[in-house]
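S.K.: This is the structure I want to talk about, given as structure tokens.
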Amino acid sequence: MTLLKVSPPLQQDVDLSQTYDAVIVGSGAAGGMAAHVLTAHGLRVLMLEAGKKLPIEQELRSMEWPYDHPRRGDAPPGSHGLSFNEYTIRKPPYAKATAFKHVYSYVGGWSGSDYVKNILVDEKDHPYTGTNYAWVRARCLGGKTNIWGRLALRLSDYDFKAKSHDGYGEDWPISYADLAPYYDKVDLYLGISGVKENLPHLPDSLFQRPTKLNYGEVKLRHSLAQTGRVLTPYRAGVTTDGLKHNRYRSKCYGRGACNRRPGGCDIHAVFDSPTGLIYPAMDTGKLTIRPNSIAYEVLVDPNTGKARGVAFLDSETRKSYEAKAKVVILAASTLESARLLLLSRSPQHPNGLGNSSGHVGHNFCEHVMGPGVTGLVKELVGKPHTLDDGRPGGFYIPRFRNLQDRQPGFIRGYGFEGSSGHTMFPRHVFDTPGFGAQFKKTVRDHAGAFISMGGFGEVLPRYESHVDLDPDVKDGWGIPVLRFHYQFSDNERKMAEDMVATGREMFEAAGIEVVGVDREVLTEGWSIHELGTARMGTDPKASVLNQFQQSHDVRNLFVVDGSSHVSASCQNPTWTIMALAWRSCEYLADEFRKGTL
């Protein structure tokens, strides 16, 4: 059953003979926001999406019970999701010489892989090279917003002015005060649930109704409060009260499907770019979408030096086309936008478009993860079961390191994401010894008594952390692929050690028995929070973009995704990406009216 109105028809006539006001490459969080803002200002916009427009509800099927699926959610034979060991032992391209018909990133190896097989890219067609990296990509309308983890956090001046705080790296060319009004706009337009905590390092949003913490989470919250630390309900990019201005989304009903498989919400209570941003933009009559369009070059007018459009391949026919526009907006994701800039070489831009500084592809950063802790809340053993997996998330513990103090061994900080309670498939059933009736009773008695959390830490941006184009390897369409030159540093490794020690201390202080500790740092890229590669700044010699994500070199070129970030912070980036894109596109629309672009 669906509670949603039908999406607008996407089989549009695309007139490539005309010059659009703007062309957007990418349809995820950044591209969707750009389309929303620019069409609201009356601009005629063409959006190029490399993947298909999927009937996403048929893909996610989040109301389907495992026993209704012929393989209990697993993808068909011949499909393979990469494992941690493969990422660790082997070198990319990971799908090279494999016997599997289809190879997907590690997300395709989670339970429920059949529900994302058409969303994730096939690594066989999309190779990359260089150092070990777990690159998760989705090519379809909406990109990874169709399956994202939903945590929606704001950055603070501890992040925007990090260099001023600890002396490392560069400050952003904006402050929290510059972005706060746009965070508010995103909150109100898309919806976010949570609780106000009044923390200077984690600013509050304009929250809708929060999800409730369960017993184990409240127990940990009360214990942490005695040390000055905070556990807050998961700040989810979910509308819990509904949105009267959006006819494509429903409010959250807590149906118990959120944690069955890799993300996704087929009633669209969780934000996704198509229902949250793109469909409303289409309703204005100003947005045209062309799926199956793989951009491979931003075209430059040799006389003016300005961008004049985008060259792309049709992914199905492999024919080449050009889309002409007065303004070009890249929103293809941090790494794909950097790749497109590097591919766009010309006599005016021999090192890639907008790369006079030599910083395109550099200063790459993300989040380090892996370390975590699992505990047992003994007083819950044998208690009646409760519904806990209908929540879009459990809890979040904001950063507490290197705020007022100086932690020995590393700079910056980390937060914890966690959850507790009952799930459809009982927690730790494979770790439970025994068989028969006693085994089943033990599983049932302990099913809702576990609590776990894992750290997400800031990875420092470094010039040597970069991507470039591989001179030899090409993707399935003959386009040069990215080559990674990137590894975690001692700062991240020492931070990870602290995550383990501190997580254990927190549980023990709360009277929670520690039953498992994860010390392993997961492969670079595991967080899916890639940032940097075209950072903003005031100095054109040391940055790629200005504070409005506008190229220093090409004034009608904007890059509005995570590649503009100066540093990673330890907060999930999606809400910041959209707030920045809203701000930049309002500036773009104003400058467009003035005729300065």
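The values are calculated or read from the model by the stated rules, or taken from the named source; none is laboratory data. Just so it is clear, the model here is predicted, and its values are computed rather than measured. So basically every Cβ, Gly included, is an ideal-geometry build from the backbone, and we count neighbours across all protein chains shown. Areas reflect the complete protein model, heavy atoms only, side chains present, ligands, DNA and RNA absent. Shrake-Rupley method; radii C 1.70, N 1.55, O 1.52, S 1.80 Å.
S.K.: Give, as a single signed number, the net charge of other residues whose beta carbon lies under 12 Å from the beta carbon of Arg137, with Lys and Arg counted +1 and Asp and Glu -1.
M.R.: -3
S.K.: Apply the Karplus parameterisation 6.51 cos²θ - 1.76 cosθ + 1.60, with θ equal to phi minus 60°, to every residue of the stretch 285-302 and state each ³J(HN,Hα) to the nearest whole Hz, in sequence, with x for glycine and proline.
M.R.: Values per residue, Gly and Pro as x: x, 9, 10, 10, 10, 10, x, 6, 10, 8, 5, 10, 6, 8, 7, 10, 6, x Hz.
S.K.: Ignoring ligands, DNA and RNA, what percent of the 1.4 Å accessible area of the stretch 339-399 is carbon and sulfur?
M.R.: The computed percentage sits at 56.
S.K.: To continue, here is another question. Quote the charge dipole size of the stretch 429-556 about the Cα centre in Debye, to the nearest 20; the model charges only the Cβ of Lys and Arg (+1) and of Asp and Glu (-1).
M.R.: 340 debye
S.K.: Also: Give me the three principal axis extents of the stretch 1-144 from the C-alpha atoms, as integers in angstrom, largest value leading.
M.R.: 51, 44, 23
S.K.: Under a point-charge model restricted to the Cβ atoms of Lys and Arg (+1) and Asp and Glu (-1), what is the dipole moment magnitude of the stretch 61-112 relative to its Cα centre, in debye to the nearest 20?
M.R.: Dipole size: approximately 240 debye.
S.K.: Using label points projected 7 Å from each Cα along Cα→Cβ, tell me how many nm separate Ala97 and Trp65, to one decimal.
M.R.: The two pseudo-label positions are separated by 4.7 nm.
S.K.: Hey, another quick one. Need one number: % antiparallel among DSSP beta bridges in the chain, to the nearest 5.
M.R.: If I count the DSSP bridges inside the chain, around 65 percent turn out antiparallel.
S.K.: Each residue of the stretch 203-216 in order: what ³J(HN,Hα) in whole Hz does its phi give by Karplus 6.51 cos²θ - 1.76 cosθ + 1.60, θ = phi - 60°, with x for Gly and Pro?
M.R.: x, 6, 9, 8, 7, 8, 3, x, 7, 8, 6, 9, 4, x
S.K.: What is the percent carbon and sulfur in the accessible area of the stretch 1-149, measuring with a 1.4 Å probe over the protein chains and ignoring ligands?
M.R.: With neighbouring chains kept in place, the figure for the stretch 1-149 is 55 percent.
S.K.: Could you check the spin-label model distance between Glu197 and Ser489? Points 7 Å from the Cα along Cα→Cβ, value in nm.
M.R.: 2.7 nm
S.K.: Could I ask something else about it? Place +1 on the Cβ of every Lys and Arg and -1 on the Cβ of every Asp and Glu in the chain, take the dipole about the Cα centre, and give the residue among Leu155, Gln404, Tyr67 whose Cα lies farthest towards its positive end.
M.R.: Toward the positive end, the furthest listed residue is Tyr67.
S.K.: Residue by residue through the stretch 470-476, what is 3J(HN,Hα) from phi via Karplus (6.51 cos²θ - 1.76 cosθ + 1.60, θ = phi - 60°)? Round to whole Hz and write x for glycine and proline.
M.R.: Working through the residues one at a time gives 6, x, 10, 8, 10, 7, x Hz.
S.K.: Tally up the carbon and sulfur contribution to the accessible surface of the stretch 461-574 as a whole percent, 1.4 Å probe, everything protein left in place.
M.R.: Ligands and nucleic acids excluded, carbon and sulfur give 44 percent.
S.K.: For the stretch 80-195, compute the orientation-averaged projected area of the C-alpha convex hull (one quarter of its surface), in nm².
M.R.: 10.9 nm²
S.K.: Among Ser27, Gly562, Gln12, whose Cα lies farthest out toward the positive end of the dipole of the chain, if unit charges sit on the beta carbon of Lys, Arg (+1) and Asp, Glu (-1)?
M.R.: Gln12
S.K.: For the pair Lys161/Lys212, report the inter-label distance in nm, with labels modelled 7 Å from Cα in the Cβ direction.
M.R.: 4.1 nm
S.K.: With every protein chain present, what is the per residue accessible area of the chain (1.4 Å probe, Å²)?
M.R.: 39 Å²
S.K.: Right, something else. From zero up to wherever the largest Cα-Cα distance of the stretch 321-435 sits, split into 5 Å bins and tell me the percent of pairs in each.
M.R.: So the P(r) values, bin by bin, are 2, 7, 10, 13, 10, 8, 10, 10, 10, 8, 6, 4, 3, 1, 0.
S.K.: More than 16 angstrom separation, counting every C-alpha pair in the stretch 98-142; what % is that?
M.R.: Summing the P(r) tail past 16 Å for the stretch 98-142 gives 37 percent.
S.K.: In whole Å, largest first, what are the principal axis extents of the Cα atoms in the stretch 237-352?
M.R.: 56, 32, 27
S.K.: While we're on this one: With +1 assigned to the C-beta of every Lys and Arg and -1 to the C-beta of every Asp and Glu, and no other charges, what is the dipole magnitude of the chain about the Cα centre in debye, to the nearest 20?
M.R.: The dipole magnitude comes to about 980 debye.
S.K.: Turning to a different aspect of this structure: Please report, in Å, the Rg and the Dmax of the stretch 351-500, where both are computed over Cα atoms only.
M.R.: Computed over the Cα atoms of the stretch 351-500, radius of gyration and Dmax are 22.3, 69 Å.
S.K.: Residues with beta-carbon under 14 Å from that of Thr98, excluding Thr98: net charge, scoring Lys, Arg +1 and Asp, Glu -1?
M.R.: Net charge around Thr98: +1.
S.K.: Can I ask one more? If every alpha-carbon in the stretch 485-597 counts as one equal scatterer, what log10 I(q)/I(0) does Debye give at q = 0.11, 0.12, 0.23 1/Å?
M.R.: -0.54, -0.61, -1.25
S.K.: Once the other residues with Cβ under 15 Å from the Cβ of Phe84 are scored (Lys, Arg +1; Asp, Glu -1), what is the net sum?
M.R.: So the environment of Phe84 carries a net charge of -1.
S.K.: Give me the one-decimal Kirkwood hydrodynamic radius in Å for the stretch 466-549, with the sum taken over alpha-carbon pairs.
M.R.: 17.0 Å
S.K.: Sticking with this one: Going by Cα centres, the stretch 440-479 and the stretch 150-189 are how many Å apart?
M.R.: Cα centroid of the stretch 440-479 versus Cα centroid of the stretch 150-189: 24 Å apart.
S.K.: Sticking with this structure for a sec: Farthest toward the dipole's positive end in the stretch 440-520, which of Ala496, Leu460, Met506, given Cβ charges of +1 (Lys, Arg) and -1 (Asp, Glu) about the Cα centre?
M.R.: Positive-most Cα among the choices belongs to Met506.
S.K.: Give or take rounding to whole Å, what are the principal axis extents of the alpha carbon atoms in the chain, in descending order?
M.R.: So the three principal-axis extents are 77, 54, 51 Å.
S.K.: Okay, moving on. For the stretch 180-262, divide the Cα radius of gyration by the Kirkwood radius and give the resulting Rg/Rh value with two decimals.
M.R.: 1.01
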